[in-house]
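Peer 1: Got a structure here, written out as structure tokens. Questions coming.
The values are calculated or read from the model by the stated rules, or taken from the named source; none is laboratory data. Predicted model only: the values in this text are computed from it and were never measured. Don't worry about glycine lacking a Cβ; one is built from the backbone with ideal geometry, like all the others, and counts go over all protein chains shown. Heads up: the accessible areas ignore ligands, DNA and RNA and are worked out on the full protein's heavy atoms, side chains in. Shrake-Rupley method; radii C 1.70, N 1.55, O 1.52, S 1.80 Å.
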Amino acid sequence: MIPRTLFSSEHELFRESVRTFLEKHAAPFHGQWEKQGYIDRSLWSKAGEAGMLCSHLPEEYGGLGADFLYSAVVIEEISRLGLTGIGFSLHSDIVAPYILHYGSEALKHKYLPKLISGEMVTAIAMTEPGAGSDLQGVKTTAVLDGDEYVINGSKTFITNGYLADLVVVVAKTDPKAGAKGTSLFLVDAGTPGFDKGKRLEKVGMKAQDTSELFFQDVRVPKENLLGQAGMGFAYLMQELPQERLTVAIGALSSAEAALQWTLDYTRERKAFGKAIADFQNTRFKLAEMATEIQIGRVFVDKCMALHLEGKLDVPTAAMAKYWATDLQCKVLDECVQLHGGYGFMWEYPIARAWADARVQRIYAGTNEIMKEIIARAL
């Protein structure tokens, strides 16, 4: 196997602390969280104390000023343990950068320390009942009225939506201007007219709170506009490569974990007087998966290296997201097959990982949209 050279000894020390934290505070309770449909709110505060949230944020806001690899470690360890209910990456690596890059200093000082500590949980409200990967089709509006914007519309499939204290809302400030009429706003939970709908019951990722959000004449101060009005679509396009990279990182780590579970199972499980792993078909399937995972790992690690240098472009991030999630679903399906009937039992981690993986080819932009992005760049 090709050794990984991306992470320093400091990153690996952090990995040990993250793994210990998750094994103590999350893994034993994840089954219960799957039944209740969301993780315990207290986990966010504990993670904040452990330095696992928004570690990349500058020290002036209470962060560690760490590089992106610290975020990658958290994503990998959560995925390795199959703890898909934990929405830390969306909070740290997707929402926080919008505030950091486009928020005023007043907004940064008001909110970022609370994101780092876990006092506030965040979400981003892009998807609507009639607009998914096509963000230009957003119907939610934000109309300037004096010193406030008035927001009306609805969102769906919002990760962290049920627990969210703060939401980045994608809305049209000029509905006739298409993409150029899109803007981003910070909306606090509890603002009059902002209501959370039901938690959505999903095929997988059952511990991840995914909700509908409704905005009826929600008034926010114009200072809550992120960046400039009409620039929201450009901001989204600028930040999406990191979001898609985080999905690819998690997908590869999940596939690696699934392969290890399957290696362990097939070596122990007997059929016709010998271990499942001793059959040629099993050996060949394991060899194929190990090879494809290794290829994916080298590519995704290279994407991380490019991202550290600020050189990860939109088409390459799309390649990583599409390839890694397709590979993850393929590997998990093969691993379920090699587990036989037990692979379909919820008590086995492979079954839960298989159900959890399928959505990754859909969210953060469908893989069909990823191919369209790649094709346009050819």
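Peer 1: Given the conditions (1) farther than 14 Å from A189 by Cα; (2) touching a helix residue (DSSP H, G or I) at 6+ places or on another chain (Cβ under 9 Å); (3) at pLDDT 95 or above, report the number of the one that Y111 does not fulfil.
Peer 2: (1)
Peer 1: Being farther than 22 Å from G31 by Cα and either surrounded by 14 or more Cβ atoms within 10 Å (Cβ to Cβ) or outside the structural domain of L81 (by the TED database) (or both) narrows it down to one residue among A258, A248, A351; which is it?
Peer 2: Values: A258 fails: farther than 22 Å from G31 by Cα; A351 fails: farther than 22 Å from G31 by Cα.
Exactly one residue qualifies, and that residue is A248.
Peer 1: Now, a different point. Across region 54-67, what is the number of residues that are open to solvent by 20 Å² or more (accessible area, probe 1.4 Å) and at negative phi? Write out each step before concluding.
Peer 2: Residues of region 54-67 open to solvent by 20 Å² or more (accessible area, probe 1.4 Å): 56, 58-60, 62, 64-67.
Still in the running and at negative phi: 56, 58-60, 64, 66-67.
Residues that pass the stated criteria total 7.
Peer 1: Y363 is checked against (1) modelled with pLDDT under 95; (2) loosely packed, with under 15 Cβ neighbours inside 10 Å and fails just one. What number does that condition carry?
Peer 2: Here Y363 meets the rest and fails (2).
Peer 1: Another question about this same structure. Which count do you get for residues in region 120-169 that are without any contact (Cβ under 8 Å) to a residue 40 or more places away in the chain and at positive phi?
Peer 2: 1
Peer 1: Taking only pairs six or more apart or across chains, which ones have beta-carbon atoms under 8 Å, a first residue in region 22-40 that is within 10 Å of L83 (Cβ to Cβ) and in contact (Cβ under 8 Å) with a residue 40 or more places away in the chain, and a second residue that is buried (at least 17 other Cβ atoms within 10 Å of the Cβ) and polar (S, T, N, Q)?
Peer 2: Short answer, once both residue conditions are applied: I39/Q208.
Peer 1: Among (1) buried (at least 19 other Cβ atoms within 10 Å of the Cβ); (2) aliphatic (A, V, I, L, M); (3) out of contact with any Leu (no Cβ under 6 Å at 6 or more places or on another chain); (4) in the same structural domain as S89 (by the TED database), there is one condition A106 misses while meeting the rest; what is its number?
Peer 2: Answer for A106: the failing condition is (1).
Peer 1: With the structure loaded, tell me whether E334 is in contact (Cβ under 8 Å) with a residue 40 or more places away in the chain, over 30 Å from A125 (Cα atoms), of a type outside the set (V, I, T) and out of contact with any Ser or Thr (no Cβ under 7 Å at 6 or more places or on another chain) or whether it fails that test. Break it down stepwise before answering.
Peer 2: Numbers: in contact (Cβ under 8 Å) with a residue 40 or more places away in the chain: yes; over 30 Å from A125 (Cα atoms): yes; of a type outside the set (V, I, T): yes; out of contact with any Ser or Thr (no Cβ under 7 Å at 6 or more places or on another chain): yes.
When the stated conditions are applied, E334 passes them.
Peer 1: Counting only residues that are open to solvent by less than 10 Å² (accessible area, probe 1.4 Å) and aliphatic (A, V, I, L, M), which one in region 203-239 is nearest to A179 (Cα to Cα)?
Peer 2: Only one residue fits best here, namely L236.
Peer 1: Sticking with this structure for a sec: Which of the residues that make up region 148-164 are outside any strand (DSSP E or B) and acidic (D, E)? Reasoning before the result, please.
Peer 2: Taking region 148-164 as the starting set, the residues that turn out to be outside any strand (DSSP E or B) are 160-164.
None; the set is empty.
Peer 1: Right, another one. Just to be sure before I move on: is S8 open to solvent by less than 20 Å² (accessible area, probe 1.4 Å) and among the polar types (S, T, N, Q) in the structure I sent?
Peer 2: No; evaluated as a whole, the condition is false for this residue.
Peer 1: Is it true that some residue in region 165-181 is assigned to a strand (DSSP E or B), over 15 Å from M126 (Cβ atoms), open to solvent by 20 Å² or more (accessible area, probe 1.4 Å) and among the basic types (K, R)?
Peer 2: Looking through region 165-181, none of the residues is assigned to a strand (DSSP E or B), over 15 Å from M126 (Cβ atoms), open to solvent by 20 Å² or more (accessible area, probe 1.4 Å) and among the basic types (K, R).
Peer 1: Do you know which residues across region 75-92 are open to solvent by 10 Å² or more (accessible area, probe 1.4 Å) and assigned to a helix (DSSP H, G or I)? Outline the logic, then answer.
Peer 2: To start, the set of residues in region 75-92 that are open to solvent by 10 Å² or more (accessible area, probe 1.4 Å) comprises 75, 78-82, 84, 86, 89-90.
I75, I78, S79, R80, S89, L90, listed by residue number.
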